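Asker: Just dropping this structure here.
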Amino acid sequence: MVTAPGVGRILHPRLLFALMVLICALLMAPAAAVVLPDRVTVNESFSEQTPDYGYLNFSSIQDAIDGVATGGEVWVHNGTYREALVIDRSMSVLGVSAMTALDQKRPVIDVPGEAIGVEITAGNVTFSGFEVTNATEIGIFAHGADAVSIEHNLVYLLNETSPFTCGILFEDGAGACIGDNEVLVVGNSHQMG
């Protein structure tokens, strides 16, 4: 029997051992993993004062892509987002206005000076309802990915330096659905697709 300090009671060795094991288990247990949401929303006007900012609500599309669960949805409201995007997990990235009416203004991804506007490196991705503008070489580039859907986008390339440009380029994958997109190239390059 062991006496507990300052208590004056005697603890049974088995109880003391069980208590020590419990304390050790609690200290060694990994912290709970953060569960990413299945759907997040992007609006250029969101800020840190927006409820759930940085978890459910974002002002950056790339931050939302990084913060949604695999297989989840990123809903993007109209606005101009000055960032190139990399989609490296299965998900749907959707312009909200394109989901309601195809003739409305779309969210704009403006990437002046960037070679690639949107890069997709994962399978089972849907990218729909955007205007991708000012990339110099490729507006939307999907490679090494199967089951990619790229639909209802406007792609504007601005190129004065590269000899070739591609509005939408799909390489090394299968099962692509590329439809109802418009591509416009401004500059001195040869359009490849």
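Asker: Limited to the stretch 160-173, what total is found for residues that are assigned to a strand (DSSP E or B) and not small (Gly, Ala, Ser)? First the steps, then the outcome.
Answerer: Initially, the stretch 160-173 is screened for residues assigned to a strand (DSSP E or B), giving 164-171.
Filter once more, so that each one left must be not small (Gly, Ala, Ser): 164-166, 168-171.
Result for the stretch 160-173: 7.
Asker: So, one more: Is it fair to say LEU157 is under 19 Å from VAL40 (Cβ atoms) and in a strand (DSSP E or B)?
Answerer: On the way: under 19 Å from VAL40 (Cβ atoms): no; in a strand (DSSP E or B): yes.
For LEU157, the condition - under 19 Å from VAL40 (Cβ atoms) and in a strand (DSSP E or B) - is not met.
Asker: Inside the stretch 110-148, can you point out the residues that are among the aliphatic types (A, V, I, L, M), outside any loop (DSSP other than H, G, I, E, B) and within 19 Å of ASP66 (Cα to Cα)? Quick ask: steps written out before the conclusion?
Answerer: Here is the first cut: in the stretch 110-148, the ones among the aliphatic types (A, V, I, L, M) are 111, 115-116, 118, 120, 122, 125, 132, 135, 138, 140, 142, 145, 147-148.
Retained after the next criterion (residues that are outside any loop (DSSP other than H, G, I, E, B)): 116, 118, 120, 125, 132, 135, 138, 140, 142, 148.
Result: ILE116, VAL118, ILE120, VAL125, ILE140, ALA142, VAL148.
Asker: From THR70, THR80, which residue is of a type in the set (S, T, N, Q), within 27 Å of ASP52 (Cα to Cα), within 13 Å of the chain's Cα centre (by Cα) and open to solvent by 20 Å² or more (accessible area, probe 1.4 Å)? Don't jump to the end; show me each part of the working.
Answerer: Values: THR80 fails: within 13 Å of the chain's Cα centre (by Cα).
So the residue among THR70, THR80 that is of a type in the set (S, T, N, Q), within 27 Å of ASP52 (Cα to Cα), within 13 Å of the chain's Cα centre (by Cα) and open to solvent by 20 Å² or more (accessible area, probe 1.4 Å) is THR70.
The values are calculated or read from the model by the stated rules, or taken from the named source; none is laboratory data. The structure displayed is predicted, hence computed values, not measured ones. A quick note on method: Cβ atoms are made from the backbone with ideal geometry, for glycine too, and the neighbour counts reach across all protein chains shown. The area values use the complete protein model at the heavy-atom level, side chains included, leaving out ligands, DNA and RNA. Shrake-Rupley method; radii C 1.70, N 1.55, O 1.52, S 1.80 Å.
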